Amino acid sequence: FFLLAGLLLLVVTCVPLAIALKRRVDRAKERALADSEHHHSVAELVEKEEAWWKKHARSVKRRLKIIDQIIRELKAARTIAIAGHMRPDGDCIGSELALAYALKNLGKKVTAFNQDEIPEKLAFLDPGKILTGPRPPRPFDAVVVTDCANFERMGAIRDSISKRGPLINIDHHGSNTR
């Protein structure tokens, strides 16, 4: 459970950082090769990247602490709701279903839902029809909201999860309010 949940959360939160770092290194190498007047040594490139890591280390450590906290919460939870945003797209549906199936395989009681139905063109993603619409409120030990930049964007699902433990927000949008 820890490995699967940790890996999922690591991918969601740290992979974008690693991709950004790789792009920075690649751009630095390209600049060094393209600039014939200023030959940058490998040592200079390494120094620049070390400076970047020193500047961003606190942010990376904070993210890893958050991942540990999420793993603890999901481990302790028996009943988990997974929700996404109104008018769900492939991002939303895919992340909800991946998390739902992973948690179900770990023996968790999972309810996954959205305010709106899955668009017909994406229905193939949920052949087991585990994503449903809003339901009357009931208690959940934890709620995970995926691909949703703010609480209002959940729509009618907000009422369905009003009786809950911790709310875990996994999202990649820069406009995220949590």
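The values are calculated or read from the model by the stated rules, or taken from the named source; none is laboratory data. Predicted, not measured: the structure shown is a model, and the values here were computed from it. SASA here: full protein model, heavy atoms, side chains in, ligands and nucleic acids out. Shrake-Rupley method; radii C 1.70, N 1.55, O 1.52, S 1.80 Å.
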Q: Could you please state, rounded to a whole Å, how far the C-alpha centre of segment 66-82 is from the C-alpha centre of segment 131-153?
A: 14 Å
Q. Rolling a 1.4 angstrom probe over the protein heavy atoms, how many square angstrom per residue are accessible across segment 60-119?
A. 51 Å²
**Q.** lysines whose Cα lies under 26 Å from that of K75, excluding same-chain neighbours fewer than 8 positions away
**A.** K61, K65, K104, K108, K109, K129, K163
Q: Please arrange E49, E44, E152, E117 by accessible surface area, largest first, computed with a 1.4 Å probe and ligands excluded.
A: E117, E152, E44, E49
Q | Solvent exposure, largest accessible area first (probe 1.4 Å, DNA, RNA and ligands not counted), of L106, L167 | A | L106, L167
**Q.** segment 52-120, accessible surface, carbon-and-sulfur percent (1.4 angstrom probe)
**A.** 50 percent
Q: Please list the non-local residues whose amide H lies under 5 Å from the amide H of A112, H modeled 1.01 Å from N, same-chain partners needing a gap of 5 or more.
A: I82, T132
